[in-house]
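Undergrad: My questions will all concern the structure given below.
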């Protein structure tokens, strides 16, 4: 599969939380202290291994994510950025994103992180309602979250934040008011997700006990349409099923994923895709550190993907985009043609030459469409 049209991306996973973290699933990674010099050296060694596997490439984006990456020492952030630039070189206008929780503690570090080279931040605001934030299990309140947003906008040229909607008992009028307020803050990018109940979560347990009512799918579809209407009117059209941006402000890093380009993943638990290989790093920090010391990389799994597997992944990722996918880039694209022929007349998906894309009408039922047309 041709990956030449997408720039190389680097994902840096920082797994640590400094206390029991309400934001993520990395509570087992809580550490009261971290040997920062040893950690930085291991991260740079892991990076050097990926550089050797992907020579001659230019880097288009770096994304610092994981547990609490905004608490990553700015010196380590700077060291990774400098090593990546020295080893690969940067595409013009490289996007360097850091994922952050909207707390005052983390916001206080934004200036140092910007000085280290970060030029974009993605904030997990989640909601603009204190009761909703408590329901979602978030530690911050609206005031603290908006304070962090204000600080981010003062330090970074590019800012994104996310919200979760279709929450229990949320009306369309309430969501439209919340989204209108969110748009008024003037960020160039918004990630807007419907609440999903995943197995094994607190929400799933509450649902099973009858203490939480599932959101009506028809009401969810109405909210989805209202979301797209409001963001489009504000100049932030949807470019992916849940992501909205001003033209030119799309997440370059995520576009590499969705366009099925190569990306290197370093740090505990990081995943990567490069040259038809799927890589997974050791998840537990101590195991990852030991692996780096032993092998000069933290890889636990490195598996080749066959043509069919790569085709399936490319379709599942690419059809999330409003632009769709060019089937000419996917040799032997695993499409169930009969299913596709049944769905096209419904106006949910269109075929234009070699390009296949899901329509606005089809996006609310994207998962169902993918189950039908992607041949397993």
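The numbers here are math on the coordinates, done by the rules we state, and not lab data. All of these numbers come straight from a predicted model, not from anything done at the bench. Neighbour counts run over all protein chains shown; Cβ positions are idealised from the backbone, glycine included.
Undergrad: Give me 209, 283 sorted ascending by neighbouring Cβ count inside 10 Å, so fewest comes first. Kindly include the intermediate steps, with their values, before the conclusion.
TA: On the way: 209 8, 283 17.
Listed from fewest to most nearby Cβ atoms, that is 209, 283.
Undergrad: Further question on the same structure: What is the stretch 322-373's relative contact order, in percent, from Cα pairs under 8 angstrom and six or more apart in sequence? Present the calculation step by step, with values, prior to reporting the outcome.
TA: Working: 52 pairs, mean separation 21.3, N = 52.
Worked out over the stretch 322-373, it gives 41 percent.
Undergrad: Does the stretch 135-231 classify as rounded, prolate or oblate by the C-alpha gyration tensor (a ≥ b ≥ c root eigenvalues; a/c under 1.5 gives rounded; else a/b over b/c gives prolate, otherwise oblate)?
TA: Details: a/c = 2.48, a/b = 1.52, b/c = 1.63.
In terms of gyration-tensor shape, oblate.
Undergrad: Stretch residue 139-residue 322 to full length: gain in nm at 0.36 nm per residue minus the Cα-Cα span?
TA: Numbers: separation 183, 0.36 × 183 = 65.88 nm, distance 3.41 nm.
Extra length from residue 139 to residue 322 when fully extended: 62.5 nm.
Undergrad: With the chain treated as a Gaussian network of Cα nodes joined by springs under 10 Å, which of 110, 185, 16 yields the largest mean-square fluctuation?
TA: Top of the fluctuation ranking is 185.
Undergrad: Taking R0 as 51 Å, what's the FRET efficiency between residue 218 and residue 150 from their Cβ-Cβ distance, rounded to 0.05?
TA: Numbers: r = 37 Å, r/R0 = 0.73.
For R0 = 51 Å, the calculated efficiency reads 0.85.
Undergrad: For the stretch 322-373, compute Rh as the Kirkwood radius over C-alpha pairs and then the Stokes-Einstein diffusion coefficient at 25 °C and 0.890 mPa s; write the answer in µm²/s, rounded to an integer.
TA: Numbers: Rh = 11.1 Å.
Result for D is 220 µm²/s.
Undergrad: In what order do 179, 98 fall by count of nearby beta-carbon atoms within 10 Å, going from fewest to most? Working shown, then result.
TA: Values: 179 22, 98 29.
Ranking 179, 98 by Cβ neighbours within 10 Å, fewest first, gives 179, 98.
Undergrad: Say each of residue 177 and residue 287 gets a label point 7 Å from the Cα, pointing the same way as Cα to Cβ; how far apart are those two points in nm?
TA: Computed distance between label sites residue 177 and residue 287 equals 4.9 nm.
Undergrad: Which whole-number percent is the relative contact order of the stretch 174-329 (Cα, under 8 Å, 6+ apart)?
TA: Details: 179 pairs, mean separation 27.7, N = 156.
Once divided by the residue count of the stretch 174-329, the mean separation gives 18 percent.
Undergrad: Of the labelled options [x] 18.7; [y] 24.9; [z] 22.8, which one gives mean projected area of the Cα convex hull in nm² as computed for this structure?
TA: [x]
Undergrad: In a Debye calculation with equal point scatterers on the alpha-carbon sites of the stretch 226-288 and no solvent, what is log10 I(q)/I(0) at q = 0.12, 0.15, 0.16 Å⁻¹?
TA: Computed log10 I(q)/I(0) values: -0.47, -0.63, -0.67.
Undergrad: Evaluate E = 1/(1 + (r/R0)^6) for residue 209 and residue 305, where r is the Cβ-Cβ distance and R0 equals 51 Å; express this FRET efficiency to the nearest 0.05. Intermediate results must be reported in sequence, preceding the final value.
TA: On the way: r = 41 Å, r/R0 = 0.80.
So, using R0 = 51 Å, E works out to roughly 0.80.
Undergrad: Which length gain, in nm to one decimal place, applies between residue 337 and residue 368 when the Cα-Cα distance is subtracted from 0.36 nm times their residue separation? It would help to have the intermediate numbers written out before the result.
TA: Numbers: separation 31, 0.36 × 31 = 11.16 nm, distance 1.55 nm.
The span from residue 337 to residue 368 would gain 9.6 nm if fully extended.
Undergrad: Mean residue ellipticity at 222 nm from the helices of the chain, using -39,500 (n - 2.57) per DSSP H segment of n ≥ 4 over the full residue count, to the nearest 500 deg cm²/dmol?
TA: Details: 14 runs with 146 residues, N = 376.
Result for the chain: -11500 deg cm²/dmol, rounded to the nearest 500.
Undergrad: Which ordering of 106, 144 is given by a fewest-first count of other beta-carbon atoms within 10 Å? All intermediate terms of the calculation are to be shown ahead of the outcome.
TA: Values: 106 22, 144 18.
Result, fewest neighbours first: 144, 106.
Undergrad: Something else now. What percent antiparallel are the DSSP beta bridges of the chain, to the nearest 5?
TA: On the way: 23 of 55 bridges.
Percent antiparallel among DSSP bridges in the chain is about 40.
Undergrad: Testing the spin-label approximation: label points 7 Å from Cα along Cα→Cβ at residue 344 and residue 157. State their distance in nm.
TA: Label at residue 344, label at residue 157, 4.3 nm between them.
Undergrad: Mind checking which of 228, 252, 181 has the largest fluctuation in a GNM of the chain, springs on alpha carbons under 10 Å?
TA: 181
Undergrad: Let me ask something additional. How high is the relative contact order of the chain, in percent, counting Cα pairs under 8 Å that sit 6 or more residues apart? Let's see the in-between values first.
TA: On the way: 670 pairs, mean separation 60.5, N = 376.
About 16 percent, as a whole number.
Undergrad: Also: Would you mind calculating the gained length between residue 295 and residue 351 on full extension (0.36 nm times residue separation, minus the Cα-Cα distance), in nm to one decimal? Show your work: numbers first, answer last.
TA: Numbers: separation 56, 0.36 × 56 = 20.16 nm, distance 4.70 nm.
Full extension of this stretch gives 15.5 nm more.
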